[in-house]
Every structure is written in structure tokens, then in C-alpha cells.
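Rule-based calculations on the coordinates, nothing more; no lab input. All values reported here derive from a predicted model rather than from experimental measurement. Methodologically, a virtual Cβ is constructed for each residue, glycine included, from the backbone with ideal geometry; neighbour enumeration extends over all protein chains shown.
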Amino acid sequence: MRKLCIALCGGIALSGCSSFSERHQASGNFEFLNEKQQQAITVPENLTPLKVTDKFTIPRLGESAGQLMGPELDIRAPALIMPVAPNSLVSDNNKQVEVYFESFMAADKFRNDLWQKLNLFIDDLGYGVGIELEGQSLTTRLIDSDPFFKAIFGLDDDHSLAQQYQFSIAVEEQGHKAVVKVALVEHQELGQAKELTDFAKRRYEARMLNQFLSHVASEHNKQAIANRIKAKDGIKIKLAIDSEQHTVYELHAEFEQAWEKLATVLPKLGFEVEDRDKTLNAYFTTFDEMDVGFWTGLFSSDDVLVPIELEKGSKYQVRLSKQGDVSLLSILDAKGNNLPAEKMTEMFNTFNKVMASRQL
């Protein structure tokens, strides 16, 4: 056992002696680079010549390979883009490190949303801004390798590295798709500028983009949790008329809070949620009988909750739209027609009491 421990410690010590660059190279030496082409075998005239085969011929390197041989060849696996942020998609562009975002927002609003996400990422990690073109591109300051930065990029404690990155945002005119690109514009090791191969440069760029995507996903999850907690608060509603003269419910709550509240309230009102699409701001439901017994413990006997009367098994869309500081709720039948004012008025008291409940 003692010998085994000594062997392991020795192996760890030896592995620790390798430099940052050497760990990216193939093991062993590179003496094969000095090998020369041997002279072909000369066969005497009275002997049968050997059969020539190209089975083991090593193909020549292509022009795009350059001088990536021996110690210059990086053996690390390629870095992959991880689109963990909501509505993000992998790009098939192999020449640039980029990711697509999709949205139904208008182009200007979409660009501002991505710009805010990018600035929040830069601020939270303390990277600082060097050059900035509002809404289009942002270059960080030279980022020194602090412990957190070293952990992300797998650097040794004694290895000094500084980098500068440029982020760019381009949104399509119709606003449905945007691309975010990352480029490494400066790279220093031990205080000296160093040229990187395209492969190594892409790895750094991909890791920085993944860090941005991870930050966007984290902030989205934080906001979603906050919205769910806030949605448990009661929401006051009143009857209103929308721009198309349809009777709707005006919810005194921000859109996100109202959206999360509906996910809990609708099933209790008899609307079985089959699907919901936030790009359309709609819940797709099938109406079932309202479980009145559920509400007996929430309301007093003097405050009777009248069940909603709709045709059982019918399909309804519950749509939510933002209007300033409030949200408008409309209900459409299977044909896409808004429910008449009489039916919306009839259901109002039930909706009002349930939406105002703090216990959901």
C-alpha cells in the first residue's frame, strides 16, 4: 500500500511539472519531424522486385493545415457552443463563434433586450467596457486572469493570461432573429502578446460565449422564480374594453406576474391547460366542470363562489396582452371569436374572487 501511495504521489508530481502549453501537445517526443525520405530499395536484376502498395502511404497535409505538426498541433477537443439561454440556437457557421436568438419582439425592442443582457453580463463579472457602439458592438477591457477567470479557462495558478473580447449584435429587420458573435481581439501570456492558432482562438471564444449564455439562463431562472413567488399575491381585476371594443378583464399586475398567476388559477376555474405559448401570449385550454369544493375552505359561506357556466369539453384560448402597467385578459372560443360581453360580465365575480386570492 505504501509503495502504491509513493507511486501515485510521484506520478502527480511529474504531471504537475508539465507547462500550460505542453499539456495541449501530444505525449512523447517529436523526433519524427526530423525523419527524411528513405531511398527506395534496389532489387538485383535476377530477383523478383517487391510488390509496391500504397496501403500504408501517409497522405500529404492539405494547404489549410498549415504548420500544425508536432508541438504546434493542439490535441484538445473542439469547444462546443451550449445554447442554454432561452430561445437560443446553435449556428452552423464554422468560421465564427456565434449563437442565434429568436423572438417575436420588434427589431428595436429585441436589440435593446439583448444589449441589456450583454451589459448586465459585463457588469456582473467586472470585465469593463473599452469601446462601445450602442446596441451593436462592445469590446471589453483587457481581462486579467483572476482566480475565477483561471477556473473557467483551466489555467494554472502561476500562469498569467490577459484577454480582450469583442461582442457584436445583429438583428434582422423583421426582428424575429438575431445573432450574437464573440471575437478574441487580444491575447497575452505572461505579459507578452501571443499569436494563437485558429483552433485555440476558437476555444477561448466559445468558452466566453458559453459563459454569456449561462449568465443569461441564470438571470432568466432568477426572474422566473421571482415571478412565481410574486404570482402568489392576489391580483385585482376589473371589467374593461380593449382597442377593438371587446369586453376584457383588466389585471392590475405586470405581464409576467399575471402570466404566472394564470397557470395556477385557470385549472381551478375549470380551464384545463393543454398548452401555453408565450410567443402568442396564450393559454390553450379545454373547459371542464369547476371544482366548487376546492373553494369551500378559501371563502366564507356568505361569500359564495358561483361556478363558471361554459360548455364542457369546449376549447378556449385565454390571451394576455400588456398595456402599460396593467395586463388585459381576453377569452376566445374555438373559432377565435371573443366571448360576448354578457358572458364576460357573468363570469367576472368568479374571476375577480379567485384572482384576488393570496392562497394560489
_Sorted peptide list for 80-90, 274-284, criterion being average Cβ within 10 angstrom, highest first_ = 80-90, 274-284
*Shape call, segment 237-355: gyration tensor on alpha carbons, a/c limit 1.5*: rounded
*Multiply the residue gap between Gln211 and Val84 by 0.36 nm, knock off their C-alpha separation, and tell me the result in nm, one decimal place.*
44.7 nm
*Label point at Val185 placed 7 Å out along Cα→Cβ; residues across segment 119-137 whose backbone nitrogen lies under 11 Å*: 129-133, 137
*Which order do Thr48, Thr139 fall in if you start with the one that has the fewest other Cβ atoms within 10 Å?*
Thr48, Thr139
*How far apart, in nm, are two points set 7 Å out from the Cα along the Cα-to-Cβ line at Ile58 and at Lys343?*
7.8
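Would you kindly state how much longer the chain becomes between Val129 and Glu45 on full extension, computed as 0.36 nm times their sequence separation minus their alpha carbon distance, in nm to one decimal?
Working: separation 84, 0.36 × 84 = 30.24 nm, distance 7.72 nm.
Between Val129 and Glu45, full extension yields 22.5 nm more.
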*Once you charge only the Cβ atoms, +1 for Lys and Arg and -1 for Asp and Glu, what is the size of the charge dipole of segment 237-355 about its Cα centre, to the nearest 20 debye?*
160
*For the pair Ser27 and His252, what calculated FRET efficiency results from E = 1/(1 + (r/R0)^6), where r is the Cβ-Cβ distance and R0 = 51 Å, to the nearest 0.05?*
0.15
_When a/c reaches 1.5 or more, the comparison of a/b and b/c decides; with that in mind, is segment 182-274 rounded, prolate or oblate per its Cα gyration tensor?_
prolate
*Between Leu332 and Ala106, with labels modelled 7 Å along Cα→Cβ, what's the label distance in nm to one decimal, could you check?*
2.1
*Label 7 Å along Cα→Cβ of Asn281; segment 243-265 residues with amide nitrogen under 16 Å?*
243-263
_Peptides 118-125, 238-245 ordered by average Cβ neighbours within 10 Å, highest first_ = 118-125, 238-245
_If packing is taken as the average number of other Cβ atoms within 10 Å across a peptide's residues, how do 186-199, 341-354 rank, most packed first?_
341-354, 186-199
_Lys230-Asn119 FRET efficiency (beta carbon distance; Förster radius 30 Å; 0.05 resolution)_ = 0.75
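Percent relative contact order of segment 237-355, based on C-alpha pairs within less than 8 angstrom and at least six residues apart?
Details: 193 pairs, mean separation 36.3, N = 119.
Relative contact order comes out at 30 percent.
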*asked:* Tell me the net charge near His176. Cut-off is 14 Å between Cβ atoms, His176 excluded, with +1 for each Lys or Arg and -1 for each Asp or Glu.
replied: -2
